[in-house]
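We did not get these values from a lab; they are worked out from the coordinates using the rules stated. Nothing here was measured: the structure is a model prediction, and the numbers come from that model. Heads up, the Cβs are rebuilt from the backbone with ideal geometry, glycines too, and the neighbour counts pull from every protein chain shown.
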Amino acid sequence: MIQSLTLRRPDDMHLHLRDGAMLSAVAPETARDFARAIIMPNLVPPVVTAAQAAAYRNRILAALPGGSDFQPLMTLYLTEETAPADVAAAAASGLVQAVKLYPAGATTNSHSGVTHIDRVMPVLETMAEIGLPLCCHGEVTTAEVDIFDREAVFIDTVLDPLRRRLPGLRVVMEHITTEEGVAYAATGGADLAATITTHHLIINRNHILVGGIRPHYYCLPVAKREKHRLALRRAATSGNPAYFLGTDSAPHVDALKEHACGCAGCFTATNTMPLLAHVFEQEGALPQLEAFTSLHGARFYRLPLNSGTITLEKTAAPVDFPEKIQTGQGPVTLFNPGFPVHWRVAG
Ligand code: DOR
Ligand code: ZN
């Protein structure tokens with residue numbers, strides 16, 4: 001039995017760090033284990049321009065513990081007003097690694113997002129020319145589509161037509177949750193990939209709804225039925241470079257999660273690497289963990305691999321992760337997998 005596993009330092013290719021007091025509290029949680037992360041731009045107001053991304057990057061760096069070499073990889077929030085030239089300049093300067101597409105109304109702070117893909121085609125054409133990836137929140141938002149079908153319908157009615165129309169566009173399907181997402185991500189060669197979150201490898205929709213409603217398991221895309229969770233586990237542990245880690249760790253204070261209209265998001269920054277070790281061990285795939293967390297994402301984004309390593313150690317007793325972390329805005333509940341975890345990050 002493997003008792004210890006040393007990996008190249010991992011990257012989180014989809015992370016919400018927020019701003020202000022929340023940023024100060026959560027940035028160290030990710031920087032402890034990860035070398036880099038793709039930072040989501042859904043602040044209020046959103047990170048739309050290169051100048052806003054540069055300023056946000058500086059605020060993130062200022063929130064890191066002294067001596068941290070964590071690198072935030074910035075993204076721009078795509079709106080119907082986004083200027084192709086601004087995107088091209090931000091990419092050429094090395095400031096941004098991707099542009100994020102939120103269909104309007106899909107999730108937290110997505111109201112400035114895109115109502116119809118036709119309205120952003122000039123930006124997408126520029127991105128295809130320069131090879132800048134589009135990170136897609138892949139859900140349709142039309143009222144007649146059932147929330148559990150939103151991802152599959154997005155693939156059929158938005159993503160696949162877009163990729164046929166603009167074959168050079170590089171796309172990351174963010175936080176896939178379905179077997180349809182798993183299957184589609186494998187069809188695009190080097191220009192298509194998908195991130196998978198920690199929590200979607202662990203929970204299905206029963207965890208949210210059976211025996212009482214569990215607001216801390218509510219996120220978007222919402223967890224689906226068990227066969228989809230199993231498909232995600234097979235994908236993450238497969239060694240296929242189309243799949244890599246993007247935690248979508250998305251902190252909201254408890255007061256807004258435990259609410260009549262609770263916010264979407266699971267906060268997993270603190271315990272993601274131990275949870276992934278648990279999942280990969282269960283799947284008999286610990287040797288594939290490094291590819292999922294530290295190789296595939298960097299290669300897709302054409303970044304150098306990280307130097308340095310982290311070591312995961314098996315523990316005799318279950319690890320005592322905090323139930324909550326405290327922030328200047330109030331407590332944030334850490335994702336609780338609901339089973340004992342016997343892995344920790346050494347050091
Ligand atoms: O659960 C989620 N939370 N999904 C998202 O797409 C956004 C995120 C957030 O920003 O809270
Ligand atoms: Zn997200």
- prompt: Name the pairs whose Cβ atoms lie under 7 Å apart, with the first residue in the stretch 121-143 and within 16 Å of ligand 1 (Cβ to nearest atom), the second in a loop (DSSP other than H, G, I, E, B) and aromatic (F, W, Y), and 6 or more positions between them or separate chains?
  reply: H137/Y102
query: Can you tell me which residues in the stretch 74-112 are within 18 Å of G265 (Cα to Cα), crowded, with 22+ Cβ neighbours inside 10 Å and without any contact (Cβ under 8 Å) to a residue 40 or more places away in the chain?
result: L101
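Residue by residue, here is whether (1) within 23 Å of Q52 (Cβ to Cβ); (2) of a type in the set (S, T, N, Q); (3) within 16 Å of ligand 2 (Cβ to nearest atom) holds:
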position	(1), (2), (3)
A92	yes, no, no
Q97	yes, yes, yes
T107	yes, yes, yes
S112	yes, yes, yes
R119	yes, no, no
L124	yes, no, no
H137	yes, no, yes
D146	no, no, no
query: Within the stretch 162-205, can you find the residues that are among the acidic types (D, E), touching a residue at least 40 places away in the same chain (Cβ under 8 Å) and either assigned to a helix (DSSP H, G or I) or touching a Pro at 6+ places or on another chain (Cβ under 8 Å) (or both)?
result: E179
task: Test each condition in (1) under 17 Å from the mean Cα position of the chain (by Cα); (2) surrounded by 19 or more Cβ atoms within 10 Å (Cβ to Cβ) for V279 and report the one that comes out false.
output: (1)
query: Here are some residues: A21, A35, A31. Which one is within 26 Å of L312 (Cβ to Cβ) and touching a strand residue (DSSP E or B) at 6+ places or on another chain (Cβ under 7 Å)?
result: A35
query: For the stretch 240-269, which residues satisfy the criterion of being within 16 Å of ligand 1 (Cβ to nearest atom), not hydrophobic (A, V, I, L, M, F, W, C) and not in a helix (DSSP H, G or I)?
result: G246, T247, D248, S249, P251, H252, E258, H259, G262, G265, T268
field: Pairs, first more than 16 Å from ligand 2 (Cβ to nearest atom) in the stretch 38-65, second among the aromatic types (F, W, Y), C-beta under 7 Å, six or more apart
entry: V48/Y77; L64/F70
message: Can you say whether I208 is away from ligand 2 (no atom under 16 Å from the Cβ), touching a residue at least 12 places away in the same chain (Cβ under 8 Å), farther than 20 Å from M40 by Cβ and outside any strand (DSSP E or B), as far as the supplied structure shows?
response: yes
- request: Select from the stretch 60-73 the residues that are buried (at least 16 other Cβ atoms within 10 Å of the Cβ) and either assigned to a helix (DSSP H, G or I) or β-branched (V, I, T) (or both) and list them in ascending order.
  value: I60, A63
statement: Counted residues in the stretch 38-48 being assigned to a loop (DSSP other than H, G, I, E, B) and either buried (at least 18 other Cβ atoms within 10 Å of the Cβ) or among the aromatic types (F, W, Y) (or both) come to 7
